[in-house]
């Protein structure tokens, strides 16, 4: 059975014909993990690109995320069925995209629904996204140990989110990094640039290789073929222990995704 590939391709912004072209490029390059969401409006593009690729369905891991508007009683499972209809495939992984805004809906309401979706065969695995430790602990308590495959959250060398990452790994929950190259800001970091120069690589490749060395999943995205190919080449970059230590010591930037209605983040 397919395991989640550690380097995936994010699909935020990859809409329409240009989005399909980028996804087809990613699959042709060698990506075997596509990350979409109901709120990205790229689920149909994912399905189209995968069919156009000629790859067998079982060769590519597909993740989608449940939109917050679909958390209420009786809403989640029909919304996931609609995602399946748009993609024309059953996802390998379905995530709760965010905790309910301002905690205005009990966690059990939507966790129980996504667990039921798995039992009905509407997704192979389930997980969460943007869950801090307190809510992640509650989720594991509700669903059972081993049921939460991953927690997807903002993480890169400029925002290491170490407290949450360490907790996830201690609990056997895979860390999936969004914004893994800090929306390109890593290219302006002198330490990352120096490491990249020593390896004949790019700073973006260094960031991705750092995440992979930590055992994380990283899901970069781009609409440019050359950047799609370059990011994938991070799989072949091996950082030294000193490289990793230098990246581990970088000054930290503020969180980029921080909605007012979001959860109480870990420090």
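Return only the number of the condition from (1) part of a loop (DSSP other than H, G, I, E, B); (2) more than 25 Å from residue 257 (Cα to Cα) that residue 118 does not satisfy. If we test residue 118 against (1) part of a loop (DSSP other than H, G, I, E, B); (2) more than 25 Å from residue 257 (Cα to Cα), just (1) comes out false.
Results for (1) without any contact (Cβ under 8 Å) to a residue 60 or more places away in the chain; (2) touching a strand residue (DSSP E or B) at 6+ places or on another chain (Cβ under 8 Å), shown as yes or no for each residue.
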{"site": "180", "(1), (2)": "yes, yes"}
{"site": "183", "(1), (2)": "no, no"}
{"site": "194", "(1), (2)": "yes, no"}
{"site": "211", "(1), (2)": "yes, yes"}
{"site": "232", "(1), (2)": "no, yes"}
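Of the residues 123, 150, the single one that is within 17 Å of the chain's Cα centre (by Cα) and in contact (Cβ under 8 Å) with a residue 60 or more places away in the chain is 150. Scanning segment 116-125 for residues that are within 16 Å of residue 139 (Cα to Cα) and either touching a helix residue (DSSP H, G or I) at 6+ places or on another chain (Cβ under 6 Å) or surrounded by 19 or more Cβ atoms within 10 Å (Cβ to Cβ) (or both) yields a single hit, 117. Please work out if residue 63 is surrounded by 19 or more Cβ atoms within 10 Å (Cβ to Cβ), under 21 Å from residue 140 (Cβ atoms) and touching a helix residue (DSSP H, G or I) at 6+ places or on another chain (Cβ under 7 Å). No. Being buried (at least 17 other Cβ atoms within 10 Å of the Cβ), touching a helix residue (DSSP H, G or I) at 6+ places or on another chain (Cβ under 7 Å) and either in a helix (DSSP H, G or I) or free of Cβ contacts under 8 Å to residues at least 40 places away in the same chain (or both) is a condition met by at least one residue of segment 100-108.
So is residue 75 without any contact (Cβ under 8 Å) to a residue 60 or more places away in the chain, crowded, with 21+ Cβ neighbours inside 10 Å, over 27 Å from residue 211 (Cα atoms) and in contact with a helix residue (DSSP H, G or I) (Cβ under 9 Å, 6 or more places away or on another chain) or not? For residue 75, the condition - without any contact (Cβ under 8 Å) to a residue 60 or more places away in the chain, crowded, with 21+ Cβ neighbours inside 10 Å, over 27 Å from residue 211 (Cα atoms) and in contact with a helix residue (DSSP H, G or I) (Cβ under 9 Å, 6 or more places away or on another chain) - is not met.
Scanning segment 1-31 for residues that are surrounded by fewer than 21 Cβ atoms within 10 Å (Cβ to Cβ) and closer than 18 Å to residue 127 by Cβ, we see that the one that is farthest from the chain's Cα centre (by Cα) is 1.
Quick note: the coordinates plus some simple rules give every number you see, no bench work behind them. Please read all numbers here as calculations on a predicted model, not as lab measurements. Glycine also receives a Cβ, built like all others from the backbone with ideal geometry; neighbour counts cover every protein chain displayed.
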